[in-house]
1. Just checking, how many residues over region 64-102 are among the charged types (D, E, K, R) and outside any helix (DSSP H, G or I)?
2. For region 148-158, does any single residue satisfy the condition of being over 15 Å from Ile226 (Cβ atoms), touching a residue at least 40 places away in the same chain (Cβ under 8 Å) and out of contact with any Asp or Glu (no Cβ under 8 Å at 6 or more places or on another chain)?
3. For Leu44, only one of the following conditions fails: (1) surrounded by fewer than 16 Cβ atoms within 10 Å (Cβ to Cβ); (2) in contact with a helix residue (DSSP H, G or I) (Cβ under 9 Å, 6 or more places away or on another chain); (3) modelled with pLDDT of 75 or more. What is its number?
4. Among (1) buried (at least 20 other Cβ atoms within 10 Å of the Cβ); (2) free of Cβ contacts under 8 Å to residues at least 60 places away in the same chain, there is one condition Glu231 misses while meeting the rest; what is its number?
5. Considering only residues that are assigned to a loop (DSSP other than H, G, I, E, B) and either surrounded by 14 or more Cβ atoms within 10 Å (Cβ to Cβ) or acidic (Asp, Glu) (or both), look in region 47-63 and name the one that is modelled with the highest pLDDT.
6. So Met102 ticks every box in (1) buried (at least 18 other Cβ atoms within 10 Å of the Cβ); (2) over 19 Å from Lys11 (Cβ atoms) but one. Which box is left unticked?
7. Picking from Arg219, Arg186, which residue would you name as being of a type in the set (Lys, Arg), in contact with a Phe, Trp or Tyr (Cβ under 9 Å, 6 or more places away or on another chain) and closer than 22 Å to Val81 by Cβ?
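The values are calculated or read from the model by the stated rules, or taken from the named source; none is laboratory data. Because the structure is a prediction, the values reported are computed rather than measured. Here the Cβ is made from the backbone with ideal geometry for all residues, glycine too, and neighbour counts use every protein chain on show.
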Amino acid sequence: MTAVLRLESRKRVRGSVVLVVVFALLSALYFSMFPGVQAEMDALEQAFPEYMFDMFGIEELHTIEGFIAAEIYSFFWVLLVAAYFAYVGAGLIASDVQDRTMDLTLSNPISRVSVVLQKIGALWVPLVALNVGVPIIVSVGALVIGESFDPVALAMVHLLSIPYLLVCAGIGLLLSVVVDHVRIARAAALTLVFVLWLVDGVSSVDPDYEWIGAVAPSRYYDETAILVREEYALGDAGILLAAFLVLLGAAVLRFVRRDI
């Protein structure tokens, strides 16, 4: 029975299209800025303290790879898109429980495990839309201004982001089965993703406290290393996938045992 998957997938289409359009507009803005500021990039790099670059993983701003990694991926992708997945994940179960539609769903011959798996499975829609649409937009934008990306590096920055985004969705999903009120679950998910991202950035500044950031999902996804240095941390992606499976398993276990 895949009715839940089909229904949830249709719900994600509009939000996915909006996100792709937003990224297209942002990309147009930043690509239009790059030629004009490229000559002044050395001065701009000297104007900011070094810890700012360490905190946000910024490198080689004078190159198109470093510039786009810093301006688009380091913030909008790693934080805002991650927050979107956490927000959506936090509403997958809690919203249906709160408005009592979960009772109707479970009155059909479907298990609670299947409900959770189909709902989280519906996130294939934004994952595919973003990870297909955005690299196309970025590639075209670079060509328009006479620049280009290594297609393998650009593909990998998106492929390796999937486990990271799934972990953020998993955080939201776990909160969705623990917290009864959808607004609280969503607020908690957004706050947690932001705090973890901030902990990762702040702890990376001081080597003595760098270990604290090991709890942050963003520690295991380095978009700058992928785009600028073409370093593909497959082991880190494996850690994120394992973390997602743990979160998913915990969410399923909790939902199976809870009263609704």
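1. From region 64-102, those among the charged types (D, E, K, R) are 65, 71, 96, 99-100; that's our starting set.
Now narrow it down to the ones that are outside any helix (DSSP H, G or I): 99-100.
Residues in region 64-102 being among the charged types (D, E, K, R) and outside any helix (DSSP H, G or I): 2 in total.
2. Taking region 148-158 as the starting set, the residues that turn out to be over 15 Å from Ile226 (Cβ atoms) are 148.
Then keep just the ones that are touching a residue at least 40 places away in the same chain (Cβ under 8 Å); that gives 148.
Going one step further and asking which of them are out of contact with any Asp or Glu (no Cβ under 8 Å at 6 or more places or on another chain), we end up with 148.
For region 148-158, residues over 15 Å from Ile226 (Cβ atoms), touching a residue at least 40 places away in the same chain (Cβ under 8 Å) and out of contact with any Asp or Glu (no Cβ under 8 Å at 6 or more places or on another chain): present.
3. (3)
4. The one condition Glu231 does not meet is (1).
5. Going through region 47-63, the residues assigned to a loop (DSSP other than H, G, I, E, B) turn out to be 48-49, 57-63.
Within this subset, residues satisfying the condition of being either surrounded by 14 or more Cβ atoms within 10 Å (Cβ to Cβ) or acidic (Asp, Glu) (or both) are 57-63.
Numbers: Gly57: 60, Ile58: 65, Glu59: 68, Glu60: 71, Leu61: 73, His62: 75, Thr63: 84.
Looking at the filtered set, the residue picked out is Thr63.
6. Failed condition: (2).
7. Working: Arg219 fails: in contact with a Phe, Trp or Tyr (Cβ under 9 Å, 6 or more places away or on another chain).
It is Arg186.
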